[in-house]
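> Have a look at this one.
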Amino acid sequence: MTKKKTAKWIHKDLLGLEYLSKEDIELLLDTAESFREILDRKIKKVPALRGKTVVNLFYEPSTRTRVSFEVAAKRLSADVINIAVESSSVKKGETLNDTGKNIEALKADIIVVRHNCSGAANMLARNVNISVINAGDGWHEHPTQALLDMFTLRKKTGKLEGLNVSIVGDIAHSRVARSNIWGLTKFGANVTVCAPDILIPPGIEKMNVKITDDIDEALSEADAINVLRMQFERDDMKAFPSQLEYFKKFGITDDRLKKAKKGIIVMHPGPINRGVEISSEVADGANSVILEQVTNGIAVRMAVLFWVAQVRDKEKKDEIGY
Amino acid sequence: MPLKQVFTKEEIERAITRISHEIIENNKGVKGLAIVGIRTRGYVLAERIATVINNLYGTKLDVGALDITFYRDDLSAISEQPVIHNTEIDFDIENKNIVLVDDVLYTGRTIRCGLDALIDFGRPKTIQLAVLIDRGHRELPIRADYVGKNIPTSQKELVQVKLQETDNEDSVTIEETGE
């Protein structure tokens, strides 16, 4: 029997994959593997976080991430409280830090926060002593999405090292892309980002990725593609002519997949827009792992909740500067 | 501190053979029988017991592995970071006679976790407990149905079970710790 050396988990918070080591991420993915098994049981629940309270604090509309965190916390026997900002005192002018401190005073143990400002989770984590998990902050990071993408990839292919992963779509506005790049490159995967020029953020090349605006090039060597949702509801997206135009140039279709490697893995963080960034045949096809991602997301979030809850000395902030 | 060997390779082997026979005797055969070991060494012992029974009766008993980390009541108190293994029970435990196996029975807390974890998979007909070593000092009302050897110990002592599959040798030793 081989004994695996595991990292010592020291992080009070999970704010982004930028701040984690490869060993930290490996520990999360391995733990998620154990939790994944629990989801197939008749009784899908373990008492690991009994007596802990998890607060979902969402400043942006989100169904799948919030529900995934809620299911994950409940599978661990934690109590879950959802705060939707529309119905909270944030509307009355309370700041994020004050809201956080109030949640802390209510003796909650973990805050899961989604915010439209980049860095919001980091700021909250500096100001409260309880754990903070970033469920997406602006264009910065969405670490649990990247973790579940990596978990799904590792489960499918066995390893992440040397894997060619292409991320296609709105890279500029995508925290999913950023977290994926941080995580995948730490494991030695080769990441290519593919988007129209206006959606490639300046400076992205410093993150050790290949850049292209040619979808066929992005597909040619890829073992997996991660298709991002086109956020046409954003005002600055007016720069792109139309959804149909985008589909013609960048949409993932059966014809395009035929030219790619056989068995290429198609991922999408959801919600999918059929006929915009991905065709229905591909979304529902044999290469798609989109629904597996949803299930794996619960296991990964259970692992994150489990480990941040194990850090006892919450007063001591992470050594890592954020 | 001096190490005292209390159980040799041969004695371990004989104990496992005897326990296997006792299991058969108690359950009046192998019908509906399955063995589940607690990770990591309980699982090794479970496989050995199953092998003995399979060789005797030409059966292929279901063997499962149970990781009890998520069921521990001392997760927030232990100083060492828990090592998490996978639970693998790929058969239905409903209405089976399950023999739960662990290496050392001490406070009984691990077994309590094991019982909780097992019952989350369904409702077995019976759960029986087999341990290689019973060292006493129970903190919960739990006892073993099959015992390899009773070893009276003091709480200062450390009982260490080593098995070929995990530690490259078969032995049980007692070590006096300074505390």
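Just so it is clear, none of the values below were taken in a lab; they were calculated from the coordinates. Treat the numbers as computed from the prediction; the structure is a model and nothing was measured. Note that each Cβ is placed from the backbone with ideal geometry, even for glycine, and that neighbours are counted across all protein chains shown.
> Please label the shape of chain B as rounded, prolate or oblate, based on the square roots a ≥ b ≥ c of the eigenvalues of the alpha-carbon gyration tensor (a/c under 1.5 means rounded; beyond that, a/b larger than b/c means prolate, else oblate).
oblate
> For segment A:16-56, what class follows from the C-alpha gyration tensor (a ≥ b ≥ c being the square roots of its eigenvalues): rounded when a/c is under 1.5, otherwise prolate if a/b is larger than b/c, else oblate?
Since a/c reaches 1.5 but b/c is at least a/b, the shape of segment A:16-56 is classed as oblate.
> Another question about this same structure. Under 20 Å from the Cα of residue B:31, which aspartates and glutamates turn up, not counting those fewer than eight places away in the same chain?
Leaving aside aspartates and glutamates fewer than 8 places away in the same chain, those within reach of residue B:31 are B:22, B:47, B:62, B:90, B:92, B:94, B:145.
> Right, something else. Nearest 10 degrees, 0 to 90: what angle lies between the long axis of helix B:41-57 and the longest principal axis of chain B (Cα atoms)?
40
> Using only the Cα atoms of segment A:239-305, build the gyration tensor, take square roots of its eigenvalues as a ≥ b ≥ c, and label the shape rounded, prolate or oblate: rounded if a/c is under 1.5, else prolate if a/b is larger than b/c, else oblate.
Oblate, since a/c reaches 1.5 and b/c is not below a/b.
> For chain A, set up a Gaussian network in which alpha carbons nearer than 10 Å are linked by springs, and say which option among A:181, A:81, A:43 fluctuates the most.
Highest fluctuation among the options: A:43.
> A further question on this structure: Calculate for chain A the 222 nm mean residue ellipticity that helices alone would give, adding -39,500 (n - 2.57) per DSSP H run of length 4 or more and normalising by residue count, nearest 500 deg cm²/dmol.
Calculated mean residue ellipticity at 222 nm is -11000 deg cm²/dmol.
> Which one, A:168, A:67, A:112, has the greatest fluctuation when you compute a Gaussian network model over chain A with C-alpha springs under 10 angstrom?
Of A:168, A:67, A:112, the most mobile in the Gaussian network model is A:67.
> To continue, here is another question. Show that you can apply the helix-only estimate: for chain B, add -39,500 (n - 2.57) for every DSSP H stretch of four or more residues, divide by all residues, and state [θ] at 222 nm to the nearest 500. Write out the running numbers ahead of the final one.
Numbers: 4 runs with 50 residues, N = 179.
Calculated from helices alone, the mean residue ellipticity at 222 nm is -9000 deg cm²/dmol.
> Take the alpha-carbon centre of segment A:92-111, take the same for segment A:112-188, and report the distance between them in whole Å.
Answer, in whole Å: 24.
> Enter the Cα centre distance for the pair segment A:240-312 and segment B:127-155, rounded to the nearest angstrom.
52
> State, to one decimal in nm, how far the label point of residue B:145 lies from the label point of residue A:79, with both points 7 Å from Cα in the Cβ direction.
According to this spin-label approximation, the distance is 3.9 nm.
> What is the order of A:123, A:207, A:230, fewest Cβ neighbours within 10 Å to most?
Neighbour counts put them in this order, fewest first: A:207, A:123, A:230.
> Kindly work out what percent of the DSSP beta bridges joining two residues of the protein assembly as shown are antiparallel, to the nearest 5.
15
> Give the angle, between 0 and 90 degrees and rounded to the nearest 10, that separates the Cα long axis of helix B:9-26 from the longest principal axis of the Cα atoms of chain B.
40
> Hey, rough spin-label estimate for residue A:97 and residue A:40, points 7 angstrom out along Cα→Cβ, what's it come to in nanometres?
For residue A:97 paired with residue A:40, the spin-label model returns 4.8 nm.
> Sticking with this one: Is any helix in chain A, taking whole DSSP H runs, at least 15 angstrom long along its axis by alpha carbon and on average at least -0.5 on the Kyte-Doolittle scale, and which ones?
Membrane-span-like by this rule: A:22-38, A:143-157, A:175-186, A:290-310.
> Skipping prolines and chain starts, which residues have an amide H placed within reach, meaning under 5 Å, of the one on residue B:62, given they are 5 or more residues away or on another chain?
B:35
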